[in-house]
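This report refers to the structure that appears directly beneath it.
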Amino acid sequence: MQKILYILPQPYLLSRGSSFRALATVNALAELGYAVDMLCYPLGVDPKKKKYAIHRSMRPPLLHSVKIGPSPQKVFFDIPLACTAHRMVRQNGYAVVHGVEEAGFIAGWLGRKFGVPYIFDMHSWMSQQIEDGKYLPFAPLLEMFKKMELRAMNRARAIITVGPEMTEILRTRLAPGVYAATLPDCPLVFDDIDTGDLPERIVREFFAVPGRTILYTGNFHPYQGIDLLLESVRELKALVAGRFPFRLLLVGGGEGEAKAVAAYRQKAAELGIAGEVVFCGAHPAEAMPVFMDRADVLVSSRSTG
């Protein structure tokens, strides 16, 4: 049985889109018959009934969470992640190293050192996200990061993207000599998980009020465009003028996002839509189908990335 090292530079498992994508990927690899070792941050919870091994890197001193997106904190988590990955590749003889996001850099380093092919899994275009969010205002550092990213792309055995637009950019501009393919997100199935009275509690708490329900599920990072979503709710409220009631449920805002949630609460109040917007908080992955089945409209307002 061939062995794969899947490096995820994120908490796992949390109620985040990147966690769900990783869950679907490693489940698929395990179903295909590969022996998968997942290496991730020392944050999150192990999923139930997993068919792969989870290894966690050492926790940096004084750090107990990491926010979504680029941050200085991630550097302190990525260093022990890279050290653990190095030890695992040296000891375990993997057929492939699969690196997600900046772990594509780690995979590239290990691939060159140990002669192992690697896959660069681009959950996002990192350099664009960093530039758009002004995370590296010092231009030479940004240019250095772009060169590292480009090198990791062009030395990979294959590149995986989340959308056809990014795949086309890779094929025509960034890495025309490397096989690139789109792996779209797919729905997760939780039929084998006992949810107990979870569906009844969600319905009782969030769907007991009459009216239409608009639903957003995800994180509260700026690239998700929550501010645009709130402004659209103000426009909708003015348009319907009380003719039919509706509410926007925002499901998410977990670990490391308390400030973002507070800011959006304040914005909703300033826009005069506090009564139409419900901040539901973070919920487990198996709760998402319950929310989605009950909602009338599902929305995604992502603005960049």
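Coordinate-derived values only; no laboratory data. Bear in mind the structure is a predicted one, so any value in this text is a computation, not a measurement. We place every Cβ from the backbone using ideal geometry, glycine too, and count neighbours over all the protein chains shown.
If packing is taken as the average number of other Cβ atoms within 10 Å across a peptide's residues, how do 35-42, 177-184, 155-162, 260-267 rank, most packed first? Could the numbers behind the result be given before it?
On the way: 35-42: 21.8, 177-184: 13.6, 155-162: 19.6, 260-267: 15.9.
Packing proxy ranking, top to bottom: 35-42, 155-162, 260-267, 177-184.
Contact order normalised by length for the stretch 198-298, with contacts defined as Cα pairs under 8 Å and 6 or more residues apart; what percent is it? It would help to have the intermediate numbers written out before the result.
On the way: 119 pairs, mean separation 41.6, N = 101.
With pairs under 8 Å counted, the relative contact order is 41 percent.
Normalised by the residues of the chain, what does the relative contact order come to in percent, with Cα pairs under 8 Å and at least six apart? The partial results should precede the final answer.
Working: 491 pairs, mean separation 49.9, N = 305.
Relative contact order of the chain: 16 percent.
Taking a point 7 angstrom from the Cα of ALA269 along the C-beta vector, which residues in the stretch 217-232 have backbone N less than 18 Å away?
Once the point is set 7 Å along Cα→Cβ of ALA269, 227, 230-231 turn out to lie under 18 Å by backbone N, inside the stretch 217-232.
Evaluate the distance, in nm, between pseudo-label points positioned 7 Å from the Cα of ASP132 and of LEU183 along their respective Cα→Cβ axes.
2.2
Between VAL240 and GLN73, what FRET efficiency follows from the Cβ-Cβ distance if R0 is 45 Å, with the result rounded to 0.05? Kindly include the intermediate steps, with their values, before the conclusion.
Details: r = 43 Å, r/R0 = 0.95.
Step by step, r from the Cβ atoms, then E = 0.60.
Sticking with the crude label model, points 7 Å out along Cα→Cβ, report the distance from LEU32 to ALA258 in nm, one decimal please.
Spacing of the two 7 Å Cα→Cβ label points: 4.1 nm.
Distance check, please: which entries in LYS74/LYS259; LYS50/LYS134; LYS147/LYS267; LYS3/LYS113; LYS48/LYS146; LYS147/LYS259 exceed 28 angstrom between their Cα atoms?
Values: LYS74/LYS259 18 Å; LYS50/LYS134 38 Å; LYS147/LYS267 38 Å; LYS3/LYS113 18 Å; LYS48/LYS146 38 Å; LYS147/LYS259 33 Å.
Violating the 28 Å Cα-Cα cut-off are LYS50/LYS134; LYS147/LYS267; LYS48/LYS146; LYS147/LYS259.
Report the paramagnetic label zone for ARG212: residues of the stretch 239-263 whose backbone N is under 15 Å from a point 7 Å from Cα along the Cα-to-Cβ axis.
What the label zone holds, given the 15 Å backbone N cut-off, is 239-249.
Is any residue of the stretch 80-97 close enough, with backbone N under 17 Å, to a label point placed 7 angstrom from the Cα of MET148 along the Cα-Cβ axis, and if so, which?
From the stretch 80-97, the list is 80-86.
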